[in-house]
Amino acid sequence: MKIAVWGSELIGWTAATAFAEFGNQVHINQTPESKQSLGEQSEPNSILFNEPGLLSHVKAQYDLDNLTFGDPDAALECQIQILALHPDQFPLAKTIIQRVNQQSQSQQLVVINYSTFGLGATDELAALLDAGKQQAIAYIPDQLSEGSAYDNFIKAKTLVIGCQSNEANKIIKALYKPFSRSLEQMMIVKRREAEFMKFAVNGMLALRLGYINELANLADLLNIDIDTITAGMGSDPRIGKHYLAPGCGFGGAHFSKSIQNMAELLKTNRNSIILNTLLEENEKQKVLPFRKLWRHYKSDVSNLKVAVWGLSFKPNTASIQNAPSLQVVETLLAQGCKVHAHDPQAMMNFAKRFPSDGRIVYYNNPIETLKDVDALIILTEWNEYWSPDYYQMLEMMKNPVIIDGRNIMDKELMDSFGFVYYGVGR
């Protein structure tokens, strides 16, 4: 099938590449609002740079001519049109749909909207299509997790299709057939139901994260180890173990945006502020590691040297969008601290926000950050941070203080080595 993809969001690049690898001809549209070459897209702080492995998939399909770039006018004849735009680009989505409606000569046109614009947005786009010409639109919730987007797409467990057209659903199911082997459930629902489902799922995940962080903060005050509590909670089949890891707050771009959208819906229609409160508390949680440092040094942190391990908002991505590291490092620098930073992938992105100027220095090896530091703060649970050489750490650190914002280290072991260890709820 011939597919046109509009937009440069992660879901767009991922879907375009996956569809191209299974025999479709995919056209990436360079709109004036998002016009970039493939080389520019792979620069630091871009989607393809941030997502591990995705760039190699894109280049492979580009070299095979399965994935092409060009003028938007060349894509209007494609039978399938995909919207993968930023949440703020709804006016652009309407313009694209209007142009497709006017210029498409396809006997049957299917639009797939992956963009998270808001509840009712896909219905509004549907009103711009001509049902008499067999034009239909579906909303498919983006279920990708940054750091594993490609695997999430081709090995999806659930596929939700929000569409009221039986003919369009047949085409979409055929398009997704190569990825159906791992499917455990396929749901055909209304467009608004699919949009609501996207917000509801992310809201539930955020509530679990927010609740376990609140419990961890309470456990700190009551001298209770939160790990014991989460083990007990997770063993209850009614609860399970997912998203029960306390830490220094969640980040990411679209996850947070989706929760904000749901928060607005709840407040407008129900006068409920439960998600607004959660987002506010999450921002406070991001600076929890600094507050622990502040308390340990009795409010005198100026001129301290502090190592920071982990700058990305989560492992396996170079993205720093809404990452706790942004607030922690900004606060450290504002208080006169010197920062020694490391991250396996995100340092180039981070250096654009915080250039290496003597106050902050970047290191290629995490151990090197520890030379003469007064504390180590861990903000991202990268694999290489879980089991470092503790003897070497003790030799290098001026003061063996560890503030573990992700609870990746064993408290009893740290105590036995002589570290002063602070976790979240431990």
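Rolling a 1.4 angstrom probe over segment 185-233 with all protein chains present gives an accessible area of which 64% lies on carbon and sulfur atoms. Tyr421 sits among other residues whose Cβ lies under 15 Å from its own Cβ, and their net charge, with Lys and Arg +1 and Asp and Glu -1, is -3. The residues neighbouring Gly232, those whose beta-carbon lies less than 13 Å from its own, together hold a net charge of -1 under the Lys/Arg +1, Asp/Glu -1 convention. Between Tyr297, Tyr62, Tyr114, the residue with the greatest mean-square fluctuation in the GNM of the chain (Cα pairs under 10 Å linked by springs) is Tyr297. Remark: for residue pairs Lys241/Lys314; Lys59/Lys157; Lys177/Lys257; Lys257/Lys338, the C-alpha separation exceeds 21 Å in Lys59/Lys157; Lys177/Lys257; Lys257/Lys338. In this structure, the amide hydrogen of Ala138, modeled 1.01 Å from its nitrogen in the peptide plane, lies closer than 5 angstrom to those of Val111, Ile112, Asn113, counting only residues at least 5 positions away or on a different chain.
For segment 240-306, what does the equivalent ellipsoid look like in terms of its semi-axes, each the square root of 5 times an eigenvalue of the Cα gyration tensor, given largest first in whole Å? Numbers along the way, then the final one.
On the way: eigenvalues 198, 41, 24 Å².
So the three semi-axes of segment 240-306 are 31, 14, 11 Å.
For segment 360-414, taking Cα atoms only, Rg and Dmax work out to 10.7, 31 Å respectively.
Loop-located trypsin sites (Lys or Arg not before Pro) in segment 253-303 (DSSP state other than H, G, I, E, B) with a sparse environment of at most 10 neighbouring Cβ atoms within 10 Å: Lys298.
The residue list Phe117, Leu218, Thr228 was ranked by how far each Cα lies along the charge dipole of segment 99-228 toward its positive end, using unit charges on Cβ atoms, and Phe117 comes out on top.
Two tests apply to each whole DSSP H helix in the chain, Cα reach of 30 Å or more along its axis and mean Kyte-Doolittle hydropathy of at least -1.0, and the ones passing both are 191-222. Residues whose amide H lies under 5 Å from that of Val339, counting only those 5 or more places away or on a different chain, are Val306, Ile360, Val361; hydrogens are built 1.01 Å from N in the peptide plane.
With a 1.4 Å probe and all protein chains left in place, how much of the accessible area of segment 320-426 comes from carbon and sulfur atoms, in whole percent?
Of the solvent-accessible surface of segment 320-426, carbon and sulfur hold 47 percent.
Distance between the C-alpha centres of segment 201-249 and segment 61-119: 41 Å, rounded to the whole angstrom.
Could you do me a favour and compute the accessible area per residue for the chain, 1.4 Å probe, result in Å²?
Details: 19370 Å² over 426 residues.
For the chain, the per-residue accessible area is 45 Å².
For a paramagnetic label modelled on Arg353 (point 7 Å from Cα along Cα→Cβ), amide N atoms under 15 Å away belong, within segment 317-335, to 317-334. Using equal-weight Cα scatterers in the Debye expression, the normalised intensity of the chain in log10 at q = 0.10, 0.12, 0.14 Å⁻¹ is -0.76, -1.02, -1.25.
In segment 253-402, the alpha-carbon atoms span a convex hull of 116 Å³ per residue. Positive contributions from Lys and Arg (+1) and negative ones from Asp and Glu (-1), summed over other residues with Cβ under 15 Å from the Cβ of Asn399, come out at +3. Placing a label point 7 Å from the Cα of Ala200 along the Cα-to-Cβ direction, the residues of segment 255-299 with a backbone N closer than 18 Å are 258-272, 274-275. Fully extending the segment from Arg208 to Asp123 would add 27.5 nm, taking 0.36 nm per residue of separation and subtracting the current Cα-Cα distance. Spin-label model, Asn276/Thr68: points 7 Å from Cα along the beta carbon direction are separated by 5.1 nm. Take the Cα of Ser180, step 7 Å toward its Cβ, do the same at Ile367, and the gap between the two points is 5.3 nm.
Within the straight-line cut-off of under 23 Å between alpha carbons, the lysines reachable from Lys133 are Lys2, Lys94, Lys170, Lys173, Lys190, sequence neighbours fewer than 8 places apart in one chain being disregarded. For the pair Asp151 and Asp88, what calculated FRET efficiency results from E = 1/(1 + (r/R0)^6), where r is the Cβ-Cβ distance and R0 = 35 Å, to the nearest 0.05? FRET efficiency, Asp88 to Asp151: 0.80.
In what sequence, highest mean first, do 402-413, 318-329, 200-211 appear when ranked by Cβ atoms within 10 angstrom?
Details: 402-413: 20.3, 318-329: 24.6, 200-211: 17.7.
Packing proxy ranking, top to bottom: 318-329, 402-413, 200-211.
Under the simplified labelling scheme, the Glu395-Glu264 pair shows an inter-label distance of 5.6 nm, with each label point 7 Å from Cα along Cα→Cβ. Remark: segment 75-191 carries a charge dipole of roughly 340 debye about the Cα centre, counting +1 on each Lys and Arg Cβ and -1 on each Asp and Glu Cβ.
The values are calculated or read from the model by the stated rules, or taken from the named source; none is laboratory data. Here the structure is a predicted model, which means the values were calculated and not measured. Don't worry about glycine lacking a Cβ; one is built from the backbone with ideal geometry, like all the others, and counts go over all protein chains shown. Side chains included, ligands, DNA and RNA excluded: accessible areas come from the protein's heavy atoms. Shrake-Rupley method; radii C 1.70, N 1.55, O 1.52, S 1.80 Å.
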